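Student: Take a look at the following structure, please.
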Amino acid sequence: MRLLEKIDSPTDVKGLAPSELKQLATEIRQELVATVTANGGHLASNLGAVELTIALHRVFDSPKDKIIWDVGHQSYVHKLLTGRRQRFASLRQYGGISGFTCRRESEHDPFGAGHASTSVSAALGMAIARDLAGDNYQVVAVIGDGAITGGMALEALNQAGHLGSRLIVVLNDNGMSISPSVGALARLLSKVRFNRRYRQAKEEARQVITTLPLGKRLWQASQRVQSGLKWLVMPTLIWEELGFTYMGPFDGHDIAELEKALTQARDYHRKPTFVHIVTTKGKGYLPAEKDAVYFHGVPPSSDSPKKIPTYSEVFAQTVLRLARDNPKLVAVTPAMPEGNCLSIVASEFPKRVFDVGICEQHAVTFAAGLACQGFTPIVAIYSTFLQRAFDQIIHDVCLQELPVTFAIDRGGIVGEDGKTHQGTFDISYLTLIPNLIVSAPKDENELQHLLYTAVSSGRPMAIRYPRDVGLGVELDKELHLIPIGKGEVVRFGEDVALLAIGATVAPAVEAARELASRGIEATVVNARFAKPLDCELIVDIAGDIKRLITVEENVLSGGFGSSVVELVQNSGVADIEVKSIAIPDEFVEQGSQAILRSKYNLDAKGIAQQVLTLFPSLGAKVLGR
């Protein structure tokens, strides 16, 4: 029997002999590779955190002690060691365990996550709650060198040092977030990461001095000049100046060394402690070690290679075309140049693509500053992460009517990453903002034209598109402007009108064909714009057909359908029925896009069935044939 099969709780991890831990780490890596390559998920980050996770659970007593994983994407090992081993094969599957930490899933997940830079804030809140309640337990925040550059993490570190409450922050430093970490803080960490002379020299000096007469007093005196000497070797004072006791850097793959360091941090009560460990992303799996960017998040093995380009690839290729023609066009992305394919643009225009790190708020306002000075910025960002910059979109871009284009990748149902990553809110939270144009293409060809329209408009404009390959349509060689606020009728029918936007246009057309086979003729409208709506087109169709169904991969509340309902109610046209197919008032769990679209009636079969359900008279027409 494998050692891993004996692990059902952290208590079992504590019971292993030190000589067994290397074998356990090997077995865990084998389990990670087998499961993640089959299901998809975050592989490299978890491979790099194996020894750290083992050490954490040997030193601390979860769930009494609170271990908080920033982002949560590197918590797979933690799940294996905390009672979820037997369900691990269901990772990221519909109805299975989450690919992130989830309070509802286990008492060992004290804080749910999915977005970066939240762990220190949550940990500090728990530590203060412990102190106010008079309890006694440890609180540990595990954060990566990418996430620690986020403004929220720095804000929390600032307050934690000010309050001085007992708290342990473990920096898992591998030089990467999704892509290589960037910024001044990342450069500082690189100096620490690649120069361990200070730690080695300090330990050697301690051993020598403490053996001398009055050695302990001499060692204590030496600490008074230590802060000045540190900068001669490595810049660690930032953490000390923030009010933390700095420890490290330590080898993040040496369990014995990690246990010793974490035990010292656990038993230190005078002020918060910062434990710096250095790990290798993808450790123990050579392909992931060689290409940690690709293996950060791998697709399921069932996904065959696609010749059709993704929306992200079409977006990046279009940006490249536009950049060649416009020397003032620049692109900004918060730590995802590979994910949104801007690396394609950066290879030709490295000085015009800015990766600002995991700093979504800064990305938007940075772009606003560029726009103020006559540049044409495109902010490329995932829908779920743009939520974090909501105030900046309002205050810094739209209020000033600055020409910033928001290229919103992963709009709609994303899939296995689950509720923290579904892009199902952007239409709602963007259409309420004055001065902002909100659009979504029906296919990859329309995406390139909308992008050209946006950068030519001189106005704030958002374009949301799905995480998917395109429909395989031919791309026009010449770009052209699309009239802002104008939709198009892609199919005519007299019984019902399907007003679809973005990725729902294609299944709406397919649903119309299905309905036609049953004797029901449907008009299908590619709305293109959630704001401004094509009021004239929608009102005309409503007056002629009387039955409208809006279709969108967005929550119902405040979405495209809500805007259409409001328009029709105020149009003065009588006897119109408007129904909507959208995401209900809930967070969408993990599962394949196909399963989730079927669940919410957003595939062709579901749309066709909803037409018959929402308009019973049409169902009667089918039965009467």
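The values are calculated or read from the model by the stated rules, or taken from the named source; none is laboratory data. Computed from a predicted structure; not experimentally measured. Note that we place each Cβ from the backbone using ideal geometry, even for glycine, and neighbour counts take in every protein chain shown.
Student: Can you tell me which residue among Leu481, Leu498, Leu537 is buried (at least 18 other Cβ atoms within 10 Å of the Cβ) and modelled with pLDDT of 95 or more?
Tutor: Matching residue, one of Leu481, Leu498, Leu537: Leu498.
Student: Provide a single number: the residues in region 451-466 that are over 20 Å from Ile393 (Cα atoms) and either modelled with pLDDT under 95 or surrounded by fewer than 22 Cβ atoms within 10 Å (Cβ to Cβ) (or both).
Tutor: Looking only at that region, the number is 1.
Student: Only one residue in Ala147, Ala129 is assigned by TED's automatic domain parsing to the domain that holds Trp239, farther than 13 Å from Phe244 by Cα and under 26 Å from the mean Cα position of the chain (by Cα). Which one?
Tutor: Ala147
Student: Could you please let me know if Val71 is assigned to a loop (DSSP other than H, G, I, E, B) and modelled with pLDDT under 95?
Tutor: Details: assigned to a loop (DSSP other than H, G, I, E, B): yes; modelled with pLDDT under 95: yes.
Criteria met by Val71.
Student: From Glu510, Glu536, Glu494, Glu552, grab the single residue that is touching a Gly at 6+ places or on another chain (Cβ under 6 Å) and of a type in the set (Asp, Glu). Quick ask: steps written out before the conclusion?
Tutor: Working: Glu510 fails: touching a Gly at 6+ places or on another chain (Cβ under 6 Å); Glu536 fails: touching a Gly at 6+ places or on another chain (Cβ under 6 Å); Glu494 fails: touching a Gly at 6+ places or on another chain (Cβ under 6 Å).
Just a single option satisfies the conditions, and that option is Glu552.
Student: Follow-up question, since we're still on this one. So is Ala530 under 30 Å from Arg467 (Cβ atoms), of a type in the set (A, V, I, L, M) and in contact with a Phe, Trp or Tyr (Cβ under 8 Å, 6 or more places away or on another chain) or not?
Tutor: In short, yes.
Student: Return a yes/no flag: does region 564-575 have any residue that is outside the structural domain of Thr101 (by TED's automatic domain parsing), surrounded by 22 or more Cβ atoms within 10 Å (Cβ to Cβ) and in contact (Cβ under 8 Å) with a residue 60 or more places away in the chain.
Tutor: Yes, region 564-575 contains at least one residue that is outside the structural domain of Thr101 (by TED's automatic domain parsing), surrounded by 22 or more Cβ atoms within 10 Å (Cβ to Cβ) and in contact (Cβ under 8 Å) with a residue 60 or more places away in the chain.
Student: OK, next. Being touching a Ser or Thr at 6+ places or on another chain (Cβ under 6 Å), assigned by TED's automatic domain parsing to the domain that holds Arg29 and surrounded by fewer than 20 Cβ atoms within 10 Å (Cβ to Cβ) narrows it down to one residue among Gly134, Gly164, Gly83, Gly95; which is it?
Tutor: Gly83
Student: Here's a follow-up. Pick from Leu618, Leu602, Leu596: which is crowded, with 17+ Cβ neighbours inside 10 Å, modelled with pLDDT under 95 and either not assigned by TED's automatic domain parsing to the domain that holds Asp426 or not in a strand (DSSP E or B) (or both)?
Tutor: Leu618
Student: Same structure again: Residues that are crowded, with 22+ Cβ neighbours inside 10 Å and touching a residue at least 40 places away in the same chain (Cβ under 8 Å): list the helices (runs of 4 or more DSSP H) wholly contained in region 326-430 that include at least 1 such residues. Don't jump to the end; show me each part of the working.
Tutor: Working: elements: 343-346, 360-372, 383-386.
It comes to 360-372, 383-386.
Student: Quick one: Leu322 ticks every box in (1) modelled with pLDDT of 95 or more; (2) crowded, with 23+ Cβ neighbours inside 10 Å; (3) within 26 Å of Val473 (Cα to Cα) except a single one, so which number is it?
Tutor: Unmet condition: (2).
Student: Let me ask you something else. Can you tell me which residue is modelled with the lowest pLDDT among those in region 254-313 that are crowded, with 22+ Cβ neighbours inside 10 Å and among the polar types (S, T, N, Q)?
Tutor: Residue satisfying both the conditions and the ranking: Thr279.
Student: Might you check whether a residue that is closer than 18 Å to Ala141 by Cβ, in a strand (DSSP E or B) and in the same structural domain as Gln264 (by TED's automatic domain parsing) occurs anywhere in region 39-56?
Tutor: For region 39-56, residues closer than 18 Å to Ala141 by Cβ, in a strand (DSSP E or B) and in the same structural domain as Gln264 (by TED's automatic domain parsing): absent.
Student: Right, something else. Could you please tell me which pairs satisfy a Cβ distance under 8 Å, a separation of 6+ or placement on different chains, a first residue in region 546-562 that is assigned to a loop (DSSP other than H, G, I, E, B), and a second residue that is of a type in the set (S, T, N, Q) and at pLDDT 95 or above?
Tutor: Cβ pairs passing all conditions: Leu556/Ser562; Leu556/Ser580; Ser557/Ser428; Gly558/Ser428; Gly558/Thr431; Gly559/Ser428; Gly559/Thr431; Gly559/Ser580.
Student: For region 92-112, check the following and say yes or no: at least one residue is in a helix (DSSP H, G or I) and closer than 16 Å to Gly144 by Cα.
Tutor: Scanning region 92-112, I find no residue that is in a helix (DSSP H, G or I) and closer than 16 Å to Gly144 by Cα, so the answer is no.
Student: Collect the residues in region 502-543 that are within 11 Å of Val564 (Cα to Cα) and in a helix (DSSP H, G or I), keeping them in residue-number order.
Tutor: Within region 502-543, Cys535, Ile538, Val539, Ala542 qualify.
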